[in-house]
Every structure is written in structure tokens, then in C-alpha cells.
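Below is one structure; the comments refer to it alone.
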Amino acid sequence: MIKINENYLKLQDSYLFSTIAKKVETYQKENPNKKIIKLGIGDVTLPLAKKIGEEIDKATQEMLKRETFKGYGPEQGYDFLKEKIIEMEYKKRGIEIQIDEIFISDGAKCDTANIQELFSDDNIIAITDPVYPVYLDTNIMAGRTGNYNKTTDTYENVVYMPANAENNFIPELPNKKVDMIYLCFPNNPTGTVLKKQELKKWVEYAKNNKSIILFDSAYEAFITEEDIAHSIYEIEGAKDVCIEFRSFSKTAGFTGVRCAYTIVPKQLKAYTKQGEEISINKLWNRRQCTKFNGVSYITQRAAQAIYTEEGQKQIKENINYYMENAKIILEGLKQAGYEVFGGKNAPYIWLKVPKNYTSWEFFDKLLEKANVVGTPGVGFGPSGEGYFRLTAFGSRQNTVEAMQRIKNMEK
């Protein structure tokens, strides 16, 4: 008799964004003449930068010739891309990263999901609440959590760290020892950030408790304010306790191209039950060589183009476009009477729903009255109840129109 991994049965019936898609599909079928504006899922809408397209064409031509054809590449990624990452992302910030500490992948979502495989299933995890679902769900799948409590909307053996308006979206350090700490800043879904002095507390906690911080900085390119770390490694001692995840998805519009990278410092250690130090870098390398055949040559050449002078200029224009959308949403919601957060260092706007509404009830109201789609905050965790997320990745026209519809809805 074939048996299943029963940890999967602990998951909620449907992934958040699948539920949203089904609701929208049903409404559209019932109202075929309605124009629905989607500001829910964080998918980009601008095309790739011209320089990136040129490099894709060039690399494609190489693949059509026997003498320049590329088959399997290094599982860890080509050096030509990793060298540019070191130069443009880290060296200019005074951070020393070695080439074999960089692992090119097909997405930060994949890496943040897969990295937990390296760690014992009896480790205690801590997540900010609300949180991007993949951090929690993959640990549920691995058996690292207990059962789901429907009353509290939480899982056993998970430390939830609330981040809400009451604490200025600054989660408190765990009041008990935890082993794996998930942090995402600029934050998805709230769009908020932590200053360097706050991040320093987390690094110190991890060092004192021999914990590891899994730091998702997929949105660092959207930071506009000073004293906000673009990399966790700007914090002294972070390389001893932190893995950093980066992505080109939102930075350069690679949601359909797929390319990201993870930094695993060689001094980073985990421990056996007997207390023996083990290199996480070596384990991750072994895992990737076994389960991953690398990112395509064409894709990595496209990513390399981001770091050219033209590429940098073009992707910054796209980032500025989305951040202008964020400003439009932020100001539009304030004019409509909402309390809003985020939108200054991230392409996400987090708003408080009106009193007497749950997050899902507000979703239905927004869909039916304004034909605008967002994401219910409760889908990101119990502390997300009472909040709602909108993204700045729509077109300018749709963003402006959506805000006008919401203002009219509230009149």
C-alpha cells in the first residue's frame, strides 16, 4: 500500500492566490461585461528592458551554432553572472562575497521553499505575522509544525511574531529560543521595512542562540529611504548567521523568465545532534547538485544584462514606474479615508479594512462594488486579519482608474 506524506494534510485546502483566482473567475463569468482590475498578485506588467531583450536574442543565436552552443551549465550558476552580482550588489556596499557563496536559481520562492530541507525537522521556526505563505507552508510539508488550530488560525510548534500597526510593524524578538527565523524586508505583504538598528537586534539574537536567519530581500531595489539595509550583510556579524535570498522577478521583470540567487556564506554553520559544526554552504551545494540542473544559459545572459549601464538605467525606469503607482495608490486610499502603510520602500500597500468587515468580506465588497481585486490580509496569517494588500504592478491607467473606483465606492 502506497502511503502519502501526511504532513500535506495539515495544509489548508487551497493556496491563497488559487482561492482568489477562483472567486474572480466566478464573478467574471456571472458579470462578463465588467472590467476587473487586478491589483492582487504581485506580477509585473511592464515588458523586459530593451537591453535584456537584446542579450536574450544574442544568447539565442549562440545556442543555434555548434561552436557556441551550451548544454548543462554549472548547477551553481555561471561565473560571468556571479561576478557581476558581487561587483554591483555587494562590493559597492562594502560587503565581501566570494564567488562560491552565490547560487543562481530559477526563483527566490523556490529557494526559500527548498532551503528548509537542510535542517532537522525538530527545529523550531519563527515567522513574522503576517507572512508570505511559502515560508510556513513548506515547513508544514516537511513535518516541522504541529496541527492547525482553526480557532486561532495558527499551527503548533510555530512561533508567530505579530507585525501590525500597534507595534509599528516591528516584530518583537521571540520570547523563547527558536532555531530558524524567517524575515522579509522590505516586507511582503505589508510593504514596511526595518531600520539597520532593528536588524542588528535579530543578528545578535541569532548569534546568541545559534539560530539561523533566512532573509528574503527580494524587494531591496525598491528602497528609497536612508538607513534601510539593502542586504542583511550590511549588519556586522550577519554572515555568521544569515542566508540571503534575492530575485530578479520584480527588480527586472523576470516573473516569466525566472532567475534569482541565494547567498550562503562559507562561515555559516549548523550542528549535528552531537554538536559537530557542519558547513551549510557545502550542504546547499550538495543539494543543488543533486536536485537542480541549473538556470539556462540564455536566462543568465539576460540577467547579466541588468548590470550593464543601459540595463541599470532601463530597469530603474521600470522600478520608478511601479513606485509612482504605489504613490498613486497610497494617496488615493488616504483620500478615500483609509489608513494605509507601506508603498514607500516596496511595491505593496497595506491598508486597514473598514470596521465591521473581515478581510475576505472587504475582498468581496471591493470586487463587487469597484471591480478591483486585492489580497485579503488574513491569507498571510492571523495578524493579517483586518488588513488588505494592493500591489503597484498594474498599468498606470488601471492604477489610476482603480483608485477612482474605490473613491467613488466610498461616497
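Figures for the structure shown
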read-out: Selected residue (only one of 99, 181 is surrounded by 17 or more Cβ atoms within 10 Å (Cβ to Cβ), closer than 19 Å to residue 239 by Cβ and modelled with pLDDT of 95 or more); value: 181
read-out: Residue that is nearest to the chain's Cα centre (by Cα) [pool: residues in the stretch 99-110 that are among the charged types (D, E, K, R) and closer than 24 Å to residue 269 by Cβ]; value: 101
read-out: Of the criteria (1) within 19 Å of the chain's Cα centre (by Cα); (2) free of Cβ contacts under 8 Å to residues at least 60 places away in the same chain; (3) under 30 Å from residue 313 (Cα atoms), which one residue 79 fails; value: (1)
read-out: Residue match in the stretch 148-168 (condition: in a loop (DSSP other than H, G, I, E, B), among the β-branched types (Val, Ile, Thr) and open to solvent by 70 Å² or more (accessible area, probe 1.4 Å)); value: yes
read-out: Residues that are farther than 17 Å from residue 193 by Cβ and either more than 13 Å from the chain's Cα centre (by Cα) or open to solvent by 20 Å² or more (accessible area, probe 1.4 Å) (or both), drawn from the stretch 204-238; value: 204, 205, 206, 207, 208, 209, 210, 211, 212, 236, 237
read-out: Condition broken by residue 395, with the remaining ones in (1) out of contact with any helix residue (DSSP H, G or I) (no Cβ under 9 Å at 6 or more places or on another chain); (2) modelled with pLDDT of 95 or more satisfied; value: (1)
read-out: Scan of the stretch 23-49 for residues that are part of a strand (DSSP E or B) and not basic (Lys, Arg), ordered by number; value: 37
read-out: Residue list for the stretch 19-51, restricted to those being open to solvent by 90 Å² or more (accessible area, probe 1.4 Å), within 23 Å of the chain's Cα centre (by Cα) and under 22 Å from residue 304 (Cα atoms); value: 47
read-out: Matching entry among 97, 127, 104, 115 (being assigned to a helix (DSSP H, G or I) and either touching a Ser or Thr at 6+ places or on another chain (Cβ under 7 Å) or aliphatic (A, V, I, L, M) (or both)); value: 115
read-out: Hey, residue 11 touching a residue at least 40 places away in the same chain (Cβ under 8 Å) and under 30 Å from residue 325 (Cβ atoms) or not; value: no
read-out: Some residue of the stretch 194-201 being at pLDDT 95 or above, more than 22 Å from residue 16 (Cβ to Cβ), open to solvent by 20 Å² or more (accessible area, probe 1.4 Å) and outside any helix (DSSP H, G or I); value: yes
read-out: Counted residues, the stretch 52-75 - those being in contact (Cβ under 8 Å) with a residue 24 or more places away in the chain, open to solvent by 40 Å² or more (accessible area, probe 1.4 Å) and outside any helix (DSSP H, G or I); value: 4
read-out: Scope the stretch 368-404; condition over 27 Å from residue 184 (Cβ atoms) and not charged (D, E, K, R); matching residues; value: 370, 371, 397, 400, 404
read-out: Pairs with Cβ under 6 Å, 6+ apart, first in the stretch 85-98 and under 13 Å from residue 265 (Cβ atoms), second part of a helix (DSSP H, G or I) and of a type in the set (Ser, Thr, Tyr); value: 95/233; 97/90
read-out: Residue within the stretch 275-282 that is open to solvent by 10 Å² or more (accessible area, probe 1.4 Å), closer than 30 Å to residue 88 by Cα and of a type in the set (Ser, Thr, Tyr) present; value: yes
read-out: Some residue of the stretch 239-246 being among the acidic types (Asp, Glu), surrounded by fewer than 17 Cβ atoms within 10 Å (Cβ to Cβ), farther than 17 Å from residue 83 by Cα and touching a residue at least 60 places away in the same chain (Cβ under 8 Å); value: no
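The values are calculated or read from the model by the stated rules, or taken from the named source; none is laboratory data. Not measured: the values here are computed from a predicted model. Backbone-built Cβ (ideal geometry, glycine too); neighbour counts: all protein chains shown. Accessible surface is based on the protein model in full, side chains and every heavy atom, while ligands, DNA and RNA are left aside. Shrake-Rupley method; radii C 1.70, N 1.55, O 1.52, S 1.80 Å.
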